[in-house]
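In what follows, a structure is listed as structure tokens, so that the remarks can point back to it.
Here, each number is a calculation from the coordinates, and none is a lab measurement. Nothing here was measured: the structure is a model prediction, and the numbers come from that model. No Cβ is skipped: glycine too gets one built from the backbone with ideal geometry, and neighbour counts run over all protein chains shown.
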Amino acid sequence: MEEKYVLKTTKDGKEITVRDLQLSILEIMDEIHRVCVKNDVPYALIAGSALGICNYQGFIPWDDDIDVCVERKDWKRFIEALEKDMDKKFYFQCFENDKKYNILIPSMKIRKRGTYIEEVNTLLKNRCNSGNGVFVDVVIYDSVSDNKWIDEWNRLKIRLLMPIMVLLDNIHINPVFLKKWVLHISERYAKRCENSTLTSQTIAIPWEKFFKEPKFPKTDVYPFKLYDFEGRKYYSYNNVENVVTAWYGPNCLKKWDGEKWYDPLPKEKRHPKHAVDLNLEGEEPEK
């Protein structure tokens with residue numbers, strides 16, 4: 001029997017499952033795909049969403065989000081396309097349209113109106129007034145140095161600024177100057193590395209451990225290709241299996257036990273990791 005992965009039980013006993021959340025997220029993803037195709041903006045599913053393509057042709061059953069990347073060279077066009085063509089049922093938050101946005105998290109959140117989600121995130125609250133709807137995370141993908149020491153030095157600059165920014169954010173002082181400086185550092189670094197062979201998420205997101213930030217050959221990442229995902233077609237990496245095994249290790253892909261395919265991730269690690277509270281039928285948490 002397939003596990004339901006219950007996220008919340010309401011006061012009237014109704015269970016809200018990971019699958020319920022996934023179906024809501026798919027509405028956002030369908031709209032992202034539509035807008036990007038209409039405006040010729042390349043995008044790709046990344047991280048656990050890309051692993052889901054390989055193992056399930058859709059969501060990993062316990063995964064409670066979708067992650068997307070857009071190349072830096074397409075970032076401004078992507079924002080313009082969302083502003084021009086995205087359905088009003090959705091909205092997006094990023095530093096470019098709201099200086100309260102915290103740039104140390106994914107570069108953008110695209111959210112669904114009429115929903116609410118509280119993330120597992122005690123240090124970096126959403127300060128944007130536009131809402132806390134169910135979301136898809138979007139990150140900028142940049143060129144990065146082929147030299148790991150140069151790469152790590154540039155990431156270290158931002159890691160050293162991060163505690164100051166988190167502190168100011170938590171005492172409700174918006175560190176706009178520091179945000180702009182971090183974005184400047186990351187953009188300048190990407191420009192210097194234009195001719196490198198590697199790409200990764202922008203260094204403005206500094207959470208990975210030293211030398212553990214996933215970096216991939218550009219030939220494995222670009223150009224993006226269409227793959228089956230939950231009965232529709234979404235874009236992901238050029239060689240999605242190469243990238244996810246580089247990211248998660250060679251044992252991340254489904255295995256054959258002689259009778260059936262199985263997911264090698266231990267059952268005790270199969271759990272959703274983002275939602276603390278949610279409401280798929282309203283913008284405020286249930287009281």
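So what is the diffusion coefficient of segment 145-240 in µm² per second by Stokes-Einstein at 25 °C and 0.890 mPa s, using a Kirkwood Rh over Cα pairs? So the translational diffusion coefficient is about 161 µm²/s.
Each peptide among 222-233, 42-53, 14-25 gets the average number of other Cβ atoms lying within 10 Å of its residues, and from highest to lowest they stand as 42-53, 14-25, 222-233.
Scattering from segment 213-267 was approximated by placing one identical point on each alpha carbon and applying the Debye formula without solvent; log10 I(q)/I(0) at 0.13, 0.24, 0.25 1/Å stands at -0.42, -1.01, -1.03.
Largest first, the extents of the alpha carbon coordinates of segment 39-115 on the three principal axes equal 36, 29, 27 Å. Determine which aspartates and glutamates satisfy two conditions relative to Lys148: a Cα distance under 12 Å, and not lying fewer than 8 residues away in the same chain. Partners found: Glu213. Sorted fewest first by neighbouring Cβ atoms within 10 angstrom, Phe78, Phe90, Phe177 come out as Phe177, Phe90, Phe78.
For the chain, the relative contact order is 24 percent, taking Cα pairs closer than 8 Å that sit 6 or more residues apart in sequence and dividing their mean separation by the residue count.
Note that segment 155-172 has calculated 3J(HN,Hα) couplings of 5, 4, 4, 6, 4, 6, 7, 4, x, 5, 5, 5, 4, 4, 4, 7, 10, 6 Hz, one per residue in order, obtained from phi through the Karplus relation 6.51 cos²θ - 1.76 cosθ + 1.60 (θ = phi - 60°); glycine and proline are x. Rounded to the nearest 20 debye, the dipole size of the chain about its Cα centre is 840 debye, using +1 on the Cβ of Lys and Arg and -1 on the Cβ of Asp and Glu. Could you pull out the pairs from Lys73/Lys191; Lys4/Lys267; Lys99/Lys180; Lys89/Lys179 whose alpha carbons sit more than 18 Å apart here? From Lys73/Lys191; Lys4/Lys267; Lys99/Lys180; Lys89/Lys179, over 18 Å: Lys89/Lys179. Scanning residues 5 or more positions from Arg113 or on other chains, those with amide H under 5 Å from its amide H are Phe90, Tyr91, with H placed 1.01 Å from N in the peptide plane.
Between Asn195 and Lys260, the C-beta separation translates, for a Förster distance of 35 Å, into a calculated FRET efficiency of about 0.15.
Ordering Leu253, Leu82, Leu160, Leu26 from the fewest to the most neighbouring beta carbons within 10 Å gives Leu160, Leu253, Leu26, Leu82.
For segment 1-153, compute Rg over Rh where Rg is the Cα radius of gyration and Rh is the Kirkwood radius from the inverse mean 1/r over Cα pairs.
0.99
Secondary-structure-derived ellipticity at 222 nm for the chain, considering helices only, amounts to -10500 deg cm²/dmol, per-run term -39500 (n - 2.57) for DSSP H runs with n ≥ 4.
Each listed q (0.12, 0.13, 0.27, 0.30 Å⁻¹) maps to a log10 I(q)/I(0) for segment 16-78 from the Debye sum over equal C-alpha point scatterers, namely -0.32, -0.38, -1.16, -1.26.
Rounded to whole numbers, the Karplus 3J(HN,Hα) couplings from phi for segment 231-242 are x, 10, 10, 10, 7, 8, 4, 4, 10, 5, 5, 4 Hz, using 6.51 cos²θ - 1.76 cosθ + 1.60 with θ = phi - 60°, and x at Gly and Pro.
Per-residue packing, averaged as other Cβ atoms within 10 Å, sorts the ranges 130-141, 272-283 into the order 130-141, 272-283, beginning with the highest. Report the far tail of the P(r) of the chain, meaning the percent of Cα-Cα pairs longer than 28 Å. That tail contains 38 percent of the Cα-Cα pairs. Near Arg127, within a Cβ-to-Cβ distance under 10 Å, what is the net charge of the other residues, with Lys and Arg +1 and Asp and Glu -1? Around Arg127, the charge tally is +1. Karplus-derived 3J(HN,Hα) values for segment 73-84, using 6.51 cos²θ - 1.76 cosθ + 1.60 with θ = phi - 60°, are 4, 9, 5, 5, 5, 4, 4, 4, 5, 5, 4, 7 Hz; glycine and proline are entered as x. Count charges around Val139 for me, please; just the other residues with Cβ under 11 Å from its Cβ, Lys/Arg as +1, Asp/Glu as -1. Spelling it out: positives minus negatives among the neighbours equals -2. Residues Met108, Met162 in ascending order of nearby Cβ atoms (within 10 Å, fewest first): Met162, Met108. A cut-off of 5 Å between modelled amide H atoms, ignoring neighbours fewer than 5 places along the same chain, links Glu118 with Val276, Asp277, Leu278. Output the relative contact order of segment 185-284, whole-number percent, from Cα pairs under 8 angstrom with separation of 6+ residues. That works out to 14 percent.
How big is the gap, in Å, between the Cα center of segment 186-256 and the Cα center of segment 57-124? Taking the Cα centre of each part, segment 186-256 and segment 57-124 sit 18 Å apart. Between Leu253 and Arg34, the modelled labels are 3.5 nm apart [label points 7 Å from Cα along Cα→Cβ].
Here's how it looks for Val139: its modeled amide H is under 5 Å from those of Val68, Cys69, Val70, Ser107, which are all 5 or more places away or on a different chain. Relative contact order, whole percent, for segment 1-43 stands at 23, derived from Cα pairs under 8 Å and 6 or more residues apart.
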